[in-house]
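One structure below.
The values are calculated or read from the model by the stated rules, or taken from the named source; none is laboratory data. Just so it is clear, the model here is predicted, and its values are computed rather than measured. Glycine gets a Cβ as well: all are built from the backbone with ideal geometry, and neighbour counts include every protein chain shown. Side chains included, ligands, DNA and RNA excluded: accessible areas come from the protein's heavy atoms. Shrake-Rupley method; radii C 1.70, N 1.55, O 1.52, S 1.80 Å.
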Amino acid sequence: STINVVVVPTKREEKKVAIDGVPDSKTYGDEAFTLTATVTEKGTGTIVETQNSDWYWYSSDPNVLEIAETGSNTMSVTVKNPGSAMILAWYEPSGGTTIGAAVTDSITVSKASISPSVSIDGWTYGETANAPSVTGNTGNGAVTYSYSGTTYSGTSFEPSATAPTQAG
């Protein structure tokens, strides 16, 4: 989607600033995305010079959406965490007069869905317990193991971070 803002600068020429490439939503773990800002003459659609260092960008919540360094009309935005944030771009040529600005609608970053599973490869009686492995942890979240169950002889043991010492 594109957000447009009309600004009337002191030169009495109406300019329009637009940000293109704005996603409706993202999911935590998605790759960075690129936004592009342009300034056009209102009515004619003629693009004003934008390929310089006169662009400034801001994220309303850099803990959710982080922007790279400002200066270009293209901006890489990194998805940092679930939440919502807006991105602002403004164009201020070296003469010091701000030509215009645009802000995106709120971009929502959703939590990643995961389907982890835990497995322990074969374990023979009298040998040291094999370490469990986790698959499907797409967000690389912290993993904590807790062992519990009933032995072959019927003895129950409560959840513990310590691995059993005997199979069965």
Note, ³J(HN,Hα) from phi for the range 71-85, Karplus 6.51, -1.76, 1.60, rounded to Hz, x at Gly and Pro: x, 10, 7, 10, 9, 8, 10, 9, 7, 9, 7, x, x, 9, 7
5 angstrom amide H check on Gly100, placed H, neighbours 5+ away: Tyr91
Proximal lysines relative to Lys42, as straight alpha-carbon distance under 16 Å, when same-chain residues fewer than 8 apart are discounted: Lys11, Lys15, Lys16
Accessible solvent surface per residue of the range 89-131, calculated while the other protein chains remain in place, 1.4 angstrom probe, Å²: 64 Å²
Peptides ranked, highest mean first, by Cβ atoms within 10 Å: ranges 78-91, 61-74: 78-91, 61-74
FRET efficiency, 1/(1 + (r/R0)^6) with R0 41 Å, evaluated for Thr74 and Tyr147 via beta carbons: 0.20
In Hz, Karplus ³J(HN,Hα) per residue of the range 23-30 (6.51, -1.76, 1.60; θ = phi - 60°; x = Gly, Pro): x, 5, 7, 9, 10, 3, x, 5
Residues with amide H under 5 Å from that of Tyr147, placed H, sequence gap 5 or more: Ser160, Ala161, Thr162
Loop sites in the range 101-168: chymotrypsin sites (Phe, Trp or Tyr not before Pro), DSSP, at most 12 other Cβ within 10 Å: Tyr125, Tyr152
Cut-off under 5 Å, modelled amide H: who pairs with Leu65 long-range: Lys80
